[in-house]
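The values are calculated or read from the model by the stated rules, or taken from the named source; none is laboratory data. Since the model is a prediction, treat every value here as computed from it, not as a measurement. Cβ coordinates were reconstructed from backbone atoms using ideal geometry, including for glycine residues, and neighbour counts include every protein chain displayed. Just the protein is used for accessible areas: all its heavy atoms, side chains included, with ligands, DNA and RNA removed. Shrake-Rupley method; radii C 1.70, N 1.55, O 1.52, S 1.80 Å.
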Amino acid sequence: MTKPSAVADVMTVGEFNRRINLLFEQDPEMQRARVQGEISDFKRYPSGHSYFTLKDDEAAVSCVLFRGSAGRVNFSPQSGMKVIAVGKPNVYDKTGRFQFIVSGMEQAGLGDLYLAFEQLKKKLAAEGLFAQERKLAIPYIPQRIVAITSEAGAVIRDIIHVLERRYPGFNLLLIPVPVQGKGAELQIAAAIRQANAENLGDVIIVGRGGGSLEDLQAFNEEIVARAIAESQIPVISAVGHETDYTIVDFVSDLRAPTPSAAAELAVPHKARLLERQEQLSSALELSVLRRLESERKRLRQLRERPVLMQAAEFVAPQRRQLDFLRQQLLSEMRRLPREARNQLLPLQHRLSRPLEQKHARESKKLELLSSRLVNIIRSRTATQRSLFERLLVSLDALSPLAILARGYNLTYTEDKQLISSVSEVTRGDTISVRLQDGSLLCDVREIILEAGK
Amino acid sequence: MQEENFDFDDWMKDMAGTDENKNEVCSAVTDENSYEEKIARLEEIVSLLEKGEVSLEKSMELFQEGVELSNLCAKQLSKVESTIEKLMENGERVDFSKTVDSDAR
């Protein structure tokens, strides 16, 4: 079958594209081309394929990294990276789009920004700027929080939102700054210095949302790092989202993974503080009430002690024992026959005399002992009574304290004597009235005696 | 006769308050101190009172101090109105809460 000559050397578009690819395939070097350049516009799709542009100062080429090949790349390619890509040229049949099909990739040195970051990090670390002992303590409850960030965007809103939730009653001062672009670092550093010079707060949060290395550049600048290192006000850094570390994160006193987290680190949870304060307040009252109750009980028990009963009761058992022995002796003797008794009579005398003498001695001793006991008890009860009185005064003075809070008060004379009757003051006296939170010094203008009292 | 479970001399000592300060860690805490310090002292006072080892007079003093501290702490937490300001370039401070309110909520 012949074709019209006019048509013989005419190709379809598809044939044309395929022929180009055939040309590429005839050049083995092009089939395993190694191309060095910087990745930009890197995009990874859910399919697993990635598309990006490889460029250098002079030129650019579209690249595709298919899912199957992506698994062989042992790093995570990102825009800004310098790489050597291995692959082959290809014209896509359907669109005629020329692309470099990358089958492998290795890093060709790190990007300039990354190198600068590493160098600065090393330099500042060597100066000791990241040292733990340089870190300032974040105040437990800050009086005023200074936020240095963009006034637009989610960061300041996140911070305010968290502060409102955790610690209503906070004071926040925003120093608005650009957080990326040319000169941003100068303004951030200036804001930190201004906060210090004008003592604008007692903690600083400096930060921005996440972004590429280029976006975060202001937070990797030496001038910002130095301003933070010199800050007398503690600085919490809040740059990006968790995985992004910047120089600012290393030099700040506390690094928060996100702006919300920074706000959480800046203030305590107020509801918990209130809870604790209330717990302590009632524990305080309870402990004193318990103590008072136990002191009252102790007083009651002291008053009922047997030591305060009749001393004679202590002597009685001994006296009874003596009587019993005597009776026993007499009855034994009565049971003896007369003659034996007669025989025994002198013996009985001999026996009973020392016994009676002993009895007398013992009785005397007992009386002496019991009178001493009575004396001791008397003097002790006297001391105790005066102590009871002191204690009662303490109790009376103390117990109203707990209820001062409910509006009761204590009135004292000028020489601190508690007044309980109008008869204890005269007109013109100065008296002091103690309330729960202080005292009033008052002059007595008039004394009104209530009828029947 | 011996008094069985009551030591009179100990009681005298108690009343005279001779070993007063042995359990105290902090000295007086005032409004000048931080919230943390005030709460720490309050905690200490409560635990001293709960142990009941201090004399009655000392307990009274501690209780008074505790009430004052508790009031100071409560006062410090009582403020709920926040201020949200923005520092202008001319050094002026303007309310920023409205700006945030309008586009954040």
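Miscellaneous remarks
- Number of the condition not met by A:Leu265 [criteria: (1) within 14 Å of chain B (Cβ to nearest Cβ); (2) closer than 18 Å to A:Glu164 by Cα]: (1)
- All positions within the range B:33-61 that are in a loop (DSSP other than H, G, I, E, B) and either surrounded by 17 or more Cβ atoms within 10 Å (Cβ to Cβ) or more than 9 Å from chain A (Cβ to nearest Cβ) (or both): B:Asn33, B:Glu53, B:Val54, B:Ser55
- Among (1) surrounded by 14 or more Cβ atoms within 10 Å (Cβ to Cβ); (2) in contact with a strand residue (DSSP E or B) (Cβ under 7 Å, 6 or more places away or on another chain) - the single one A:Ala60 does not satisfy: (1)
- Selection from the range A:195-219 of residues that are more than 19 Å from A:Phe117 (Cα to Cα), part of a helix (DSSP H, G or I) and out of contact with any strand residue (DSSP E or B) (no Cβ under 7 Å at 6 or more places or on another chain): A:Asn196, A:Ala197
- The lone exception for B:Glu81 - which of (1) assigned to a loop (DSSP other than H, G, I, E, B); (2) within 25 Å of A:Leu274 (Cα to Cα); (3) touching a residue at least 12 places away in the same chain (Cβ under 8 Å) it fails: (3)
- Residues within the range B:62-72 that are facing another protein chain (nearest Cβ under 7 Å), touching a Leu at 6+ places or on another chain (Cβ under 7 Å) and under 24 Å from A:Phe170 (Cα atoms), tallied: 1
- Which listed residue is assigned by TED's automatic domain parsing to the domain that holds A:Leu163 and either within 22 Å of A:Val162 (Cα to Cα) or basic (Lys, Arg) (or both), from A:Ile223, A:Ile205, A:Ile228, A:Ile247: A:Ile205
- With respect to being open to solvent by 30 Å² or more (accessible area, probe 1.4 Å) and modelled with pLDDT of 90 or more, A:Glu198 fits the description.
- Test: A:Gly438 is farther than 30 Å from A:Arg320 by Cα, at pLDDT 70 or above and of a type in the set (Gly, Ala, Ser): yes
- One residue stands out among those in the range A:170-213 that are in contact with a helix residue (DSSP H, G or I) (Cβ under 9 Å, 6 or more places away or on another chain) and among the basic types (Lys, Arg): the one that is nearest to the other protein chains (Cβ to nearest Cβ), which is A:Arg193.
- All helices (runs of 4 or more DSSP H) inside the range A:221-270 with 1 or more residues being within 21 Å of A:Glu118 (Cβ to Cβ) and open to solvent by less than 10 Å² (accessible area, probe 1.4 Å): A:222-230, A:247-251
- Residue in the range A:310-321 that is open to solvent by 100 Å² or more (accessible area, probe 1.4 Å) and either at pLDDT below 65 or under 30 Å from B:Val67 (Cα atoms) (or both) present: yes
- Residue within the range A:139-151 that is under 21 Å from A:Val203 (Cβ atoms), open to solvent by 40 Å² or more (accessible area, probe 1.4 Å) and more than 22 Å from the chain's Cα centre (by Cα) present: yes
- Scanning the range A:84-96 finds no residues that are of a type in the set (D, E, K, R), surrounded by 15 or more Cβ atoms within 10 Å (Cβ to Cβ) and under 22 Å from A:Leu213 (Cα atoms).
- Residue check for A:Lys135: more than 14 Å from chain B (Cβ to nearest Cβ) and either at pLDDT below 90 or surrounded by 18 or more Cβ atoms within 10 Å (Cβ to Cβ) (or both): no
- Any hit, the range A:27-39, residues being over 20 Å from A:Leu213 (Cβ atoms) and in contact with a Leu (Cβ under 7 Å, 6 or more places away or on another chain): yes
- Among the residues of the range B:49-71, those identified as under 16 Å from the mean Cα position of the chain (by Cα) and of a type in the set (Asp, Glu) are B:Glu50, B:Glu61, B:Glu65, B:Glu68.
- For beta carbons closer than 6 Å, sequence separation of 6+ or different chains, a first residue in the range A:280-292 that is within 8 Å of chain B (Cβ to nearest Cβ) and under 14 Å from B:Glu65 (Cα atoms) and a second that is buried (at least 20 other Cβ atoms within 10 Å of the Cβ) and of a type in the set (S, T, N, Q), the qualifying pairs are A:Ser281/B:Ser70.
- Selected residue (only one of A:Arg272, A:Arg276, A:Arg226 is of a type in the set (D, E, K, R), within 26 Å of B:Glu36 (Cβ to Cβ) and in contact with a helix residue (DSSP H, G or I) (Cβ under 8 Å, 6 or more places away or on another chain)): A:Arg276
- Residue in the range A:293-302 that is surrounded by fewer than 19 Cβ atoms within 10 Å (Cβ to Cβ), basic (Lys, Arg), modelled with pLDDT of 90 or more and in a helix (DSSP H, G or I) present: no
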